[in-house]
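The values are calculated or read from the model by the stated rules, or taken from the named source; none is laboratory data. Since the model is a prediction, treat every value here as computed from it, not as a measurement. No Cβ is skipped: glycine too gets one built from the backbone with ideal geometry, and neighbour counts run over all protein chains shown.
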Amino acid sequence: MTQSTLGENLSKVLGLPLLRLDAISHQPYFQDTPPEIFRSQVVQFIESNQNGWIIDGNYRNILGHITWGAASDIVWLDYPIYVVLWRLWFRTIGRIRSGEKLWGLEGCVETWQSQFLSKDSLLYVPWFSTATYLSLWVFYFYHKRRPVFHEELVGKKKGLLEGVNVIRFQWPSETASWLDRIRRDEKSLDK
């Protein structure tokens, strides 16, 4: 189960509004939303949904502790790198072939060139470019950001997440089983 699928399913099962951070962090033609506007949209969403909400995404580099500090629960999909790469590969190929508009925005369509020949790509392949650095996001995340997340989420660094329930899944099957339990629990409450 992917982060977007999980967010969508939790929103439906729990009847809570969903905010997809990717959808508001981009503007047409993959232009970034200015950070101050992005942050204000997230704060407004949280403040206008006092009875609960679901946010799909992270963006800690822009949002800081805005989302984590307001959350009651954080679900971390900490899957092995080969699972993430496999899914990224097939999702990207599917989007290229279908011409799907991401987030319904004009010009936000993945292409072979943008995904395999651009240094800004999630799937950047360095030998196709004269760039001397590797900017493959997945590897960057796994080797640089994941240890920081682990320290903050699992270690609950410096009381940052005091009172926040951190749920970490290391396999898609764990995530699916957890979601099934939530569905069963919600159905039993409805009776």
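Laid out as a table, the results:
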item: Cross-chain or 6+ apart pairs with Cβ under 9 Å, the stretch 141-156 first and loosely packed, with under 13 Cβ neighbours inside 10 Å, then of a type outside the set (A, V, I, L, M, F, W, C) and at pLDDT 80 or above; result: V148/R60
item: Residues of the stretch 22-59 classified as closer than 19 Å to I167 by Cβ and in contact (Cβ under 8 Å) with a residue 40 or more places away in the chain, total; result: 4
item: Number of positions in the stretch 15-50 that are among the small types (G, A, S) and either surrounded by 14 or more Cβ atoms within 10 Å (Cβ to Cβ) or farther than 19 Å from H65 by Cα (or both); result: 3
item: Pairs, first on the phi < 0 side of the Ramachandran plot in the stretch 87-99, second surrounded by 15 or more Cβ atoms within 10 Å (Cβ to Cβ) and polar (S, T, N, Q), C-beta under 9 Å, six or more apart; result: R87/T2; R91/T2; T92/Q115; T92/S121; I93/Q115; R95/Q115; I96/S114; I96/Q115
